[in-house]
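Peer 1: Can you keep this structure in mind? I'll have questions shortly.
The values are calculated or read from the model by the stated rules, or taken from the named source; none is laboratory data. As the structure is a computational prediction, the values presented were derived from the model and not from experiment. For neighbour counting, all protein chains shown are included, and Cβ atoms are generated from backbone atoms with ideal geometry for every residue, glycine included.
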Amino acid sequence: MKPLQDIIVVDLSQFLSGPSASLKLADLGARVIKVEKPETGDICRSLYVSNLKMNGDSSIFHAINRNKESITANLKDAKDLNRIKKLIAQADIVMHNFRPGVIERLGLDYTTVKQINPSVIYGEISGYGTAGPWKDKPGQDLLLQSLSGLTWLSGNEAAGPVPMGLAIVDLISGAHLVQGILAALVRKGVNGQGAKVQVSMLESIIDFQFEVITTYYQDGGQLPQRTKTNNAHAYLGAPYGIYKTENGYLALAMGQIPFLGELLGCDSLKNYPEPESWFSKRSEIKSILAAHLETDTTQKWLSLLEPADIWCADVMDWNRLLQTEGYQVLDMEQEVVMSDGYRFKTTRCPIKIDGEVLKSDKGTPILGEHTQTIISEFNL
């Protein structure tokens, strides 16, 4: 039995942040009922990250909305809204990611929902919080990356701001909402008290940078300085970075520079014995190291570094990763099937409970697929 078995989630969210949170709850055993607009559904159904269409919807929608049910409702229609309120009255968790003010206009704000269901756990994600001059800005991932300072941590010094190639703000915000909801569930189990759990994307991505921002607070407000070459962390000294080799790439974490010089046969590195120089002269050191590592293969360097317990790794793409025993032993893949028979492979929940891998073969819901069933079951 999964830990959230018999927990009912009414998910009013769309796009990525909210649905990523409800996906995690579903994988932990919750029954997630996704409320969608009639005809069009979650906008994410037509939000494409590539030109790949899967069974009529975008690949990203399928990846993030599997293991759920779908009910259609026009929340501006009194009859449909009343149905959703009756469903909420029987739910454990309600969640949304509307902009501030929208949920109040719909009549599903926490104050109203709490009157319907006093012990409900109510989760919401906003872009920038519910107050302040930015509260009505669109909570879009790239925009949040750009505003939050995150884009000045990746890439080399001269590269300008570099965004991460993932919707990292959406996913981190969703993870934070899950944490808050689970904490509220624990408290509810103790004293029966409900909760309003609030997460903003801006707060989430600032918290994501807590290590480096704490450093910034303490060192007089000096901005992070990326290295000229092979940057992988704006604060860590040489050799930290990814380096081209004769036949690929090599990742190097922390290490003593003279010792690396000895292991790799690079005498020039022995000229930097002082740990302070690994920070103050890191671009210089990295340039020397980069030129040397291009003279032989990744496998050669790994054969010298790994036995000496130097933190290093081959740099793989997905084609290579998926062929490795290290990946295959994780059993990270699962096949899910939709009610119309459409099947697709995706990743599983990364959490184990009591040693059990959490999988579900329940695919993505067709828009409104469960509307009539849910209306009947919950007497809506």
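Peer 1: Which residue pairs have Cβ atoms closer than 6 Å, lie 6 or more positions apart in sequence or on different chains, and pair a first residue in the stretch 65-88 that is in contact (Cβ under 8 Å) with a residue 24 or more places away in the chain with a second residue that is acidic (D, E) and part of a loop (DSSP other than H, G, I, E, B)?
Peer 2: S70/E369
Each row is one residue, and each column tells you yes or no for (1) in contact with a helix residue (DSSP H, G or I) (Cβ under 8 Å, 6 or more places away or on another chain); (2) among the polar types (S, T, N, Q); (3) within 18 Å of E306 (Cα to Cα).
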| position | (1), (2), (3) |
| --- | --- |
| G220 | no, no, no |
| P224 | yes, no, no |
| A232 | no, no, no |
| K244 | yes, no, yes |
| E262 | yes, no, yes |
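Peer 1: Name the residues in the stretch 333-346 that are free of Cβ contacts under 8 Å to residues at least 40 places away in the same chain and either assigned to a loop (DSSP other than H, G, I, E, B) or surrounded by 15 or more Cβ atoms within 10 Å (Cβ to Cβ) (or both), would you? First the steps, then the outcome.
Peer 2: Quick first cut of the stretch 333-346, residues free of Cβ contacts under 8 Å to residues at least 40 places away in the same chain only: 333-335, 337, 339, 341, 343, 345.
Within the stretch 333-346, Q334, S339, G341 qualify.
Peer 1: Among the helices (runs of 4 or more DSSP H) lying completely within the stretch 272-332, list those that include at least 3 residues that are more than 30 Å from A63 (Cα to Cα), in contact with a helix residue (DSSP H, G or I) (Cβ under 6 Å, 6 or more places away or on another chain) and not assigned by TED's automatic domain parsing to the domain that holds E246. Walk me through how you get there before you give the answer.
Peer 2: Numbers: elements: 277-280, 282-293, 298-305, 318-321, 325-328.
In the stretch 272-332, no matching helices (runs of 4 or more DSSP H) lie anywhere.
Peer 1: Let me ask another. How about the stretch 212-231: which of its residues are within 23 Å of the chain's Cα centre (by Cα) and either without any contact (Cβ under 8 Å) to a residue 24 or more places away in the chain or more than 27 Å from Y272 (Cα to Cα) (or both)?
Peer 2: Answer for the stretch 212-231, where residues must be within 23 Å of the chain's Cα centre (by Cα) and either without any contact (Cβ under 8 Å) to a residue 24 or more places away in the chain or more than 27 Å from Y272 (Cα to Cα) (or both): I213, T214.
Peer 1: Also, I was wondering about something else. Determine whether R83 is buried (at least 18 other Cβ atoms within 10 Å of the Cβ), over 22 Å from S360 (Cα atoms) and among the basic types (K, R). Please lay out each step first, then the result.
Peer 2: Details: buried (at least 18 other Cβ atoms within 10 Å of the Cβ): yes; over 22 Å from S360 (Cα atoms): yes; among the basic types (K, R): yes.
Yes: the conditions hold for R83.
Peer 1: Further question: Which residue out of P118, P133, P138 is assigned by TED's automatic domain parsing to the domain that holds L25, loosely packed, with under 12 Cβ neighbours inside 10 Å and touching a residue at least 60 places away in the same chain (Cβ under 8 Å)?
Peer 2: Details: P133 fails: touching a residue at least 60 places away in the same chain (Cβ under 8 Å); P138 fails: touching a residue at least 60 places away in the same chain (Cβ under 8 Å).
Within the list P118, P133, P138, the selection yields P118.
Peer 1: Restricting the search to the stretch 196-211, which residues are surrounded by fewer than 20 Cβ atoms within 10 Å (Cβ to Cβ), within 30 Å of S119 (Cβ to Cβ) and among the aliphatic types (A, V, I, L, M)?
Peer 2: none
Peer 1: Check the stretch 306-313 and report whether any residue there is within 23 Å of K228 (Cβ to Cβ), without any contact (Cβ under 8 Å) to a residue 40 or more places away in the chain and exposed (fewer than 14 other Cβ atoms within 10 Å of the Cβ).
Peer 2: No.
Peer 1: Return the residue satisfying two criteria in turn: it lies in the stretch 141-187 and is charged (D, E, K, R) and surrounded by 17 or more Cβ atoms within 10 Å (Cβ to Cβ), and of such residues it is farthest from V120 (Cα to Cα).
Peer 2: The first filter runs over the stretch 141-187 and keeps only residues charged (D, E, K, R), leaving 141, 157, 170, 187.
In the following step, the residues that additionally are surrounded by 17 or more Cβ atoms within 10 Å (Cβ to Cβ) were identified as 141, 170.
Details: D141: 29, D170: 24 Å.
The residue in question is D141.
Peer 1: Let me ask something additional. Within the stretch 347-380, can you find the residues that are surrounded by fewer than 17 Cβ atoms within 10 Å (Cβ to Cβ), among the β-branched types (V, I, T) and under 23 Å from the mean Cα position of the chain (by Cα)?
Peer 2: T347, I351, I353, V357 - these are the residues of the stretch 347-380 that are surrounded by fewer than 17 Cβ atoms within 10 Å (Cβ to Cβ), among the β-branched types (V, I, T) and under 23 Å from the mean Cα position of the chain (by Cα).
Peer 1: Next question, about the same structure. Would you be able to tell me the number of residues in the stretch 244-285 that are surrounded by 14 or more Cβ atoms within 10 Å (Cβ to Cβ), among the small types (G, A, S), without any contact (Cβ under 8 Å) to a residue 60 or more places away in the chain and closer than 19 Å to L302 by Cβ?
Peer 2: Summing the residues that are surrounded by 14 or more Cβ atoms within 10 Å (Cβ to Cβ), among the small types (G, A, S), without any contact (Cβ under 8 Å) to a residue 60 or more places away in the chain and closer than 19 Å to L302 by Cβ in the stretch 244-285 gives 3.
Peer 1: So C44 clears everything in (1) of a type outside the set (D, E, K, R); (2) buried (at least 17 other Cβ atoms within 10 Å of the Cβ); (3) under 30 Å from E356 (Cα atoms) except one condition, right? Which one?
Peer 2: Every listed condition holds for C44 apart from (3).
Peer 1: Could you tell me whether L106 is in the same structural domain as V186 (by TED's automatic domain parsing), within 26 Å of G194 (Cβ to Cβ) and in contact (Cβ under 8 Å) with a residue 40 or more places away in the chain? Show your work before the answer.
Peer 2: Numbers: in the same structural domain as V186 (by TED's automatic domain parsing): yes; within 26 Å of G194 (Cβ to Cβ): yes; in contact (Cβ under 8 Å) with a residue 40 or more places away in the chain: no.
When the stated conditions are applied, L106 does not pass them.
Peer 1: Of all residues in the stretch 348-375, which are without any contact (Cβ under 8 Å) to a residue 60 or more places away in the chain and in a strand (DSSP E or B)?
Peer 2: Selection gives K352, E356, V357.
Peer 1: A further question on this structure: Could you tell me whether any residue of the stretch 43-66 is acidic (D, E) and touching a Lys or Arg at 6+ places or on another chain (Cβ under 7 Å)? Give the steps one after another, and end with the answer.
Peer 2: Going residue by residue through the stretch 43-66, those that are acidic (D, E) are 57.
Still in the list and also touching a Lys or Arg at 6+ places or on another chain (Cβ under 7 Å): 57.
Yes, the stretch 43-66 has at least one match.
Peer 1: Is at least one residue of the stretch 286-303 modelled with pLDDT of 95 or more, of a type in the set (F, W, Y) and crowded, with 17+ Cβ neighbours inside 10 Å? Give the derivation first.
Peer 2: Our first condition is that a residue be modelled with pLDDT of 95 or more; within the stretch 286-303, this holds for 286-303.
In the following step, the residues that additionally are of a type in the set (F, W, Y) were identified as 301.
Of the ones still in play, those that are also crowded, with 17+ Cβ neighbours inside 10 Å are 301.
Checked the stretch 286-303: at least one residue is modelled with pLDDT of 95 or more, of a type in the set (F, W, Y) and crowded, with 17+ Cβ neighbours inside 10 Å.
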